[in-house]
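Here is the structure we will look at.
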Amino acid sequence: MKTAPKPRPAHPPRWAQNLLHWYCRPDLLEDLEGDFNEYFERNLKTKGARRARFIYILDVLKFFRPYTVRKPSFLTFLIHWLMLGSYFKTSRRSLVRNKLFSTINIVGLAVSMSVGLLVIAFLTDLFSYDQFHEKKHRIYRLLTRHESADKTVMNFASTSLKAGYRVRETIPGVEDVTLIRRGFYSDAKVNDETIIPLEATWADQSFFTVFTFPMLKGNPATALKEPYSLVVTEKTAQKLFGEADALGKTVRFDTLAYTVTGVLKDLPKLSHIRFEALISLPSVLGPQADPDGDLMDWDDIYQNYVYLTLPENANLQAIQAGLDRLSAPENAQLDRQKITLSLQPMNEIVLGGRLSNEIGVNIPKPVAWVLVGLALVVILSAGFNYTNLSIARSMRRSREVGIRKIVGALKSHVLGQFMAESVIISVLALIFSFVLFLLLRTQFVALAPELANLVALELSPRLLLYFLLLAVVVGLAAGFLPALFFSRLQAVQVLKDASSLKVFRHVNMRKVLIFIQYTFSLIFITTTLIGYKQYRGFLSFDLGFTTENILNIRMQGNKSMLLKKELAEIPAVSQIATSRMITSLGSLYGSKLKYQEKGAQDSAMVWINFVDENYLPLHRHQILAGTNFKNRPTSGNETEVIVNEQVLKRFRMDYDNPAKAVGRQVIMDDKPLTIVGVLKDFHYGTMEQKIEPTVFRYSAEESGGYLNVGLKSEDYPAALAAIEDAWHKIDKVHPLDAKFYDDQLEDAYRQFEVMVTVIGFITFLAICIASMGLFGMVVFTTETRLKEISIRKVMGASEGNLIFQLSKGFLLLLAIAALVALPVTYLFFDQFVLTKFVYHQPIGVGELLASVLIVMLLAFVLIGSQTLKAARSNPAKVLKSE
């Protein structure tokens, strides 16, 4: 038997409920809707469903009255815009009325934000590197970790060609692999007449499938496939062939002819791979890579680079496991060394860890974060000024806030007013800071040639948007505390007795902000002084040999004997020597030295330079035992070697008696060499490296390397002009590449000079900003204490006593800042920075105290000038209204 369905429960009309929700004010809706529902349930029981619904509709329509209707959203939007206009108008009046404080805030923010704009532009360029490649998120570089027998570990951006081929052949999940080899420097000969120096890179045919370098002419898939294929950039094509079509043309390097198979669009500036031309890798390896060839050695890791393209969401752990499996059998065949491969995403190449043999630019992430930190400190200092001065003027602005609240302003309105005022000041500062940025960026790039090659700092819509965001963020951050303070003021209390405000609870906060400003200023000054002392110490350090008046000429493939003959005719030239490299600049060249004694054979890596018999006298190396080179061997027939003290110590060759080491035999490059001389230790590397075993071998090369020319002249410009004329007699193609040794040392430590200059510049800005803030606080304090000063004068206080009373609080803050800043800076350098330099200057008391004296003197001048002005005021004029 079927049961009758239950009747559906009656409910108010949906459209009437929606109408009520649409027009009713939110604060009345809940109560009104509850009453309507209660009446509906009562009518439902007494009058039926149809009548209850009708009455519900009448009630909803009946209560559509002005006091129940919510304000339209467009009206709220209009009110907000009207309030925003009011904020701007009030802010403009406040800025004009308080010219001194407004100027301090705008100038301080403008100067600090200009540093922020430089840092933003700098980092934007660094993060924009290699972003033009279509597969940029899937490209990885193969890195090498080399561990030697003595557990010395070095990390290289380069790797072996064999590693690239083995990855391509054996590791699944790799989409593509391209191999690059650098080191091609030669003269390009066109039409057997034009000779142009060219720097190129070897690359295989996968180069253009991994990277996106647009090709204007030629086929990217085959351009680097055949041996002796050459791909040039637009600029190089113009240099080689002028306006003629370069495709298919022939270029000769030495005796080999190369065919131009492609012309690339000029490389973007923000690319870590840079070249004038590409040469097909089979040109140096042959059509098929010879697994037994010298270039295919597993430990030939110094000139080659391997890049991989991986699929989206590739399993990097599986790829790394494949690299480890690949390396194991290869390492088993090496003699007491180990090579480990790993992957590096392309977006971490420029902003990544420091690696040896980088192919392009590299800025370690800590350097970038230090720049951000320095800019942030300077901007915070200007923000502290704004916060300090705004709260200090709270007594003057409190009545304005009270009146605004009396006429109906809410807490949010007052908060918005002062936040808007802060943002307006920040945007005004942005205009001035942008002008400063345009002036400073040229000077910033000119600090070092490397910076000009590293970044462009060019304006773009994205960069301008970053600038605007910086201004808004700085404005909101600087104005938050003052806005919060003013929004909490009680209108009745302010208008009744403004002096009863508890503003003094904020005095400690203001003191803390001043303390922080000057602590950072002292840290910056001390850092600059210590850094400058270290930099000058590096340049004046005793290297163990002389560099004065020595001109190093790079031979660029020319025969040294031809130039020697020409230079010998110049009266200013006193001595001439040859060397393969210039030491103490950071370049290293090493090989294994073996020493056999009593049946035991020991070997170790030593640093090498190939020189002739004139090198040691020219550089005044001190010979402790033995002699200079005796024989003058031809190439391949050398028999002698000269070592430093560290070689004797490393191989235990009677270190205390160097004479006993003379005549002993060592083996290098499978050649038995006799020690003919022992030199006093000298610096082969930079100050960051300790003195290590170093040897001099005889150079029998006729071309390449350097001529080291000793000059003795009263007219060096004339001497250099004569040397340049002599160069052009033997080489009419290459410009003279000659530098004084002392200048090369300065270039080697240029990074420290740039660092000291940047920190010094930021120090100057930080002090200026902090001093402007201190000046504003002193002006405000003296103005608010004029009556106290006048009463003290009437009671017999002297000007000196008044100056002391007014300035002692500020000077005490500076003294406390010094007690914090100096130990922090000392410990930072002593425990972290200088530990990386084996030979550094000690930190003296002078650098520490000099920073305090500079800040104290500057602060005393600012404080004293205003307090003296207040102390000399006429008490009668100040107290006449009392």
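With the structure loaded, tell me whether PRO26 is at pLDDT 80 or above and closer than 30 Å to GLN417 by Cα or whether it fails that test.
Values: at pLDDT 80 or above: yes; closer than 30 Å to GLN417 by Cα: yes.
Considered against the rule, which asks whether it is at pLDDT 80 or above and closer than 30 Å to GLN417 by Cα, PRO26 comes out as yes.
Is it fair to say GLY352 is in a loop (DSSP other than H, G, I, E, B) and not acidic (Asp, Glu)?
yes
So, in the range 522-534, exactly how many residues are under 14 Å from PRO823 (Cα atoms), under 21 Å from the mean Cα position of the chain (by Cα) and among the polar types (S, T, N, Q)?
Total satisfying the criteria: 1.
Name every residue in the range 666-687 that is over 14 Å from LEU616 (Cα atoms), in contact (Cβ under 8 Å) with a residue 40 or more places away in the chain and part of a strand (DSSP E or B), in order of residue number.
VAL666, ILE667, MET668, ILE675
Which residues, taken from the range 816-845, are in contact (Cβ under 8 Å) with a residue 24 or more places away in the chain and either small (Gly, Ala, Ser) or assigned to a loop (DSSP other than H, G, I, E, B) (or both)?
ALA817, ALA818, ALA821, PHE837, VAL838, TYR839, HIS840, GLN841, ILE843, GLY844, listed by residue number.
Looking only at residues in the range 648-676 that are surrounded by 18 or more Cβ atoms within 10 Å (Cβ to Cβ) and in contact with a helix residue (DSSP H, G or I) (Cβ under 8 Å, 6 or more places away or on another chain), which one is nearest to GLY704 (Cα to Cα)?
Here the answer is ILE675.
Just checking, which of SER112, SER128 is modelled with pLDDT of 90 or more and under 23 Å from the mean Cα position of the chain (by Cα)? Let's see the steps before the verdict.
Details: SER112 fails: modelled with pLDDT of 90 or more.
That would be SER128, the only listed residue that is modelled with pLDDT of 90 or more and under 23 Å from the mean Cα position of the chain (by Cα).
Kindly indicate whether LEU326 is in a helix (DSSP H, G or I), modelled with pLDDT under 90 and hydrophobic (A, V, I, L, M, F, W, C).
no
Please give the helices (runs of 4 or more DSSP H) falling wholly within the range 146-259 in which 2 or more residues are within 30 Å of LYS592 (Cα to Cα).
Where helices (runs of 4 or more DSSP H) fall fully within the range 146-259 and carry at least 2 residues being within 30 Å of LYS592 (Cα to Cα), they are 161-170.
With respect to SER356, is the statement that it is assigned by TED's automatic domain parsing to the domain that holds VAL833 and among the small types (Gly, Ala, Ser) true?
no
Looking at ILE675, ILE723, ILE730, ILE667, can you tell me which residue is under 29 Å from GLU746 (Cα atoms) and among the β-branched types (Val, Ile, Thr)?
ILE723
Here's a check for you: in the range 768-790, which residue that is aliphatic (A, V, I, L, M) and at pLDDT below 80 is nearest to the chain's Cα centre (by Cα)?
ALA770
Tell me, please, whether a residue that is within 30 Å of ARG252 (Cβ to Cβ) and at pLDDT below 80 can be found in the range 295-302.
Yes: one or more hits.
Would it be correct to say that TYR684 is within 20 Å of LYS559 (Cα to Cα), of a type in the set (Phe, Trp, Tyr) and surrounded by 14 or more Cβ atoms within 10 Å (Cβ to Cβ)? Give the derivation first.
Working: within 20 Å of LYS559 (Cα to Cα): no; of a type in the set (Phe, Trp, Tyr): yes; surrounded by 14 or more Cβ atoms within 10 Å (Cβ to Cβ): yes.
Spelling it out, it is not the case that TYR684 is within 20 Å of LYS559 (Cα to Cα), of a type in the set (Phe, Trp, Tyr) and surrounded by 14 or more Cβ atoms within 10 Å (Cβ to Cβ).
Could you please let me know if PHE432 is aromatic (Phe, Trp, Tyr) and within 16 Å of ALA382 (Cβ to Cβ)?
Against the criterion (aromatic (Phe, Trp, Tyr) and within 16 Å of ALA382 (Cβ to Cβ)), PHE432 qualifies.
The values are calculated or read from the model by the stated rules, or taken from the named source; none is laboratory data. Here the structure is a predicted model, which means the values were calculated and not measured. Cβ atoms come from the backbone with ideal geometry, glycine included; neighbour counts cover every protein chain shown.
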